[in-house]
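K.L.:
For reference, the structure I am asking about is given below.
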Amino acid sequence: MSKVLPFSQQTILITGASAGIGAALAKNLAKEFSGIRLVLSARRQDKLEEVASKCQQAGAEVLVVCADMADSEQVKALAQKALERFDRVDALINNAGYGYMCPIELVSPEAAKQQFAVNFHGPLLLIQSLIPAMRQQGGGRIVNVSSLGGRMAFPAGGMYSCSKFALEALSDVLRMELKAFNIHTAIVEPGPVVTEFFGVAWDKIQQTIPNCEQTIYQPAFEKIEAIDKQLQLLGWTPEKVAEIIVRSLVARHPRPRYFAATGGSFFVPVMTKIVPTWFADAFWKRFYGFDRIEKEWKESLKDRK
């Protein structure tokens, strides 16, 4: 059985590494731990190569592997290529993911499957592919990047929250099942982050629901389109979230969960355990425009009488 290596000699696999949190994490690790070995994966080859170049300049050894987390064969090939190149993976950061923001009524079966394929099934398969190697080498670490949306559900974010709730449950189970093999599992829960997240979410809506502004959910879509500006003041930079992920990687005894949001350690318990459910519901309905939908629907019922 191999031994656990010093962190600066370890091999770290990061999905979603072409931009945002994943790219920031890769650059952070390369800068702070010279000689570290990085496996960087995402769908965009050109963006990955740019990140890889900066990491190599900082002293990291880098393997770039293009992979779509919704494609099971590509996910299995990613694990295989990492092990073939470096003979081990000491830490896996399941960071790739996106948010499909849409009222449940309008979510197509294909959109629901794609959301789970990228945010849950891909990470699950990658974890399963790497557990044997981690066990054989004497240990490892799995960090799943979830979201505050993995702890709190909100209107218009149903599919995203469902996929992240599932990822959180998977992480909790793995933490118990893999401890005997010295494989530690942690969850990082970002809040709003200044990335492409909401821009991608809006693009997905326009692709799948071309006339969304003409539906009864128009107020919600207006909120989603403008949400980037609303959250700018609260949003963390990808670099700040990356620092939390690094903390979860280097901790001798990682915590089960790490908040990566302003006031997250206060806001989540308050909204999920302290305030009445009706109050939390009202807050989220107002935030995502569903209070307007409710009001307009009630007024339309009055007009029919």
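K.L.:
Where in the chain are the helices, taken as whole DSSP H runs, whose Cα atoms extend 27 angstrom or more along the long axis and whose Kyte-Doolittle mean reaches at least 0.0?
P.N.:
The answer, listed by residue number, is 158-177.
K.L.:
Helix-derived [θ] at 222 nm for the chain: sum -39500 (n - 2.57) over DSSP H runs of at least 4, divide by residue count, nearest 500?
P.N.:
Only helices count here, giving -16000 deg cm²/dmol.
K.L.:
Between segment 76-98 and segment 8-66, what's the alpha-carbon centroid distance in Å?
P.N.:
Answer, in whole Å: 12.
K.L.:
Which one, K31, K76, K295, has the greatest fluctuation when you compute a Gaussian network model over the chain with C-alpha springs under 10 angstrom?
P.N.:
Greatest mean-square fluctuation among the candidates belongs to K295.
K.L.:
Let me ask something else about it. Which order, highest average first, do 13-26, 35-48 follow once you tally other Cβ atoms within 10 Å for each residue and take the mean per peptide?
P.N.:
Top to bottom by mean Cβ count within 10 Å: 13-26, 35-48.
K.L.:
Okay, moving on. Taking the Cα centre of the chain as origin and charging only Cβ (+1 Lys, Arg; -1 Asp, Glu), how large is the dipole, in debye to the nearest 20?
P.N.:
Once rounded to the nearest 20, the dipole reads 860 debye.
K.L.:
In addition: Can you list the lysines whose alpha carbon sits under 17 Å from that of K285, skipping same-chain ones fewer than 8 residues off?
P.N.:
Answer for K285, where 17 Å is the Cα cut-off: K223, K295, K298, listed by chain and number.
K.L.:
Enumerate lysine pairs in segment 1-151 that are 8 or more residues apart or on different chains, then count those whose Cα atoms are under 29 Å apart.
P.N.:
19
K.L.:
Only loop residues by DSSP count here, and only those with at most 10 other Cβ atoms within 10 Å; note down the trypsin sites (Lys or Arg not before Pro) in segment 211-270 that meet that.
P.N.:
When the trypsin sites (Lys or Arg not before Pro) of segment 211-270 are filtered for loop state and at most 10 Cβ neighbours within 10 Å, R252 remain.
K.L.:
Counting only residues 5 or more places away or on other chains, whose amide H sits under 5 Å from the amide H of G138 once H atoms are built in the peptide plane?
P.N.:
Here S2 satisfy the definition.
K.L.:
If amide H atoms are built 1.01 Å from N in the plane of the peptide, which residues on other chains or at least 5 residues away come under 5 Å of the amide H of A260?
P.N.:
Sorted by chain and number, the residues that satisfy this are E189, G191.
K.L.:
Net charge around A242, counting only other residues with Cβ within less than 15 Å of its Cβ (Lys, Arg = +1; Asp, Glu = -1)?
P.N.:
Combined, the nearby Lys, Arg, Asp and Glu give +1.
K.L.:
Determine the principal axes of the Cα atoms in the chain, then give the extent along each, sorted from largest to smallest and rounded to whole angstroms.
P.N.:
76, 41, 33
K.L.:
Among residues other than K27 whose Cβ falls under 10 Å from its Cβ, what is the net charge (Lys/Arg +1, Asp/Glu -1)?
P.N.:
Charge balance near K27 sits at 0.
K.L.:
Identify, among T15, T185, P238, the residue whose Cα sits farthest towards the positive end of the charge dipole of the chain, taking +1 on the Cβ of Lys and Arg and -1 on the Cβ of Asp and Glu, with the dipole about the Cα centre.
P.N.:
Of T15, T185, P238, it is T185.
K.L.:
So how strong a dipole does segment 218-305 carry about its Cα centre when Lys and Arg Cβ are +1 and Asp and Glu Cβ are -1, to the nearest 20 debye?
P.N.:
For this selection, approximately 360 debye.
Coordinate-derived values only; no laboratory data. This structure is a prediction, so every number in the text was calculated from the model and none was measured. Note: ideal-geometry Cβ built from the backbone for every residue, glycine included; neighbour counts use all protein chains shown.
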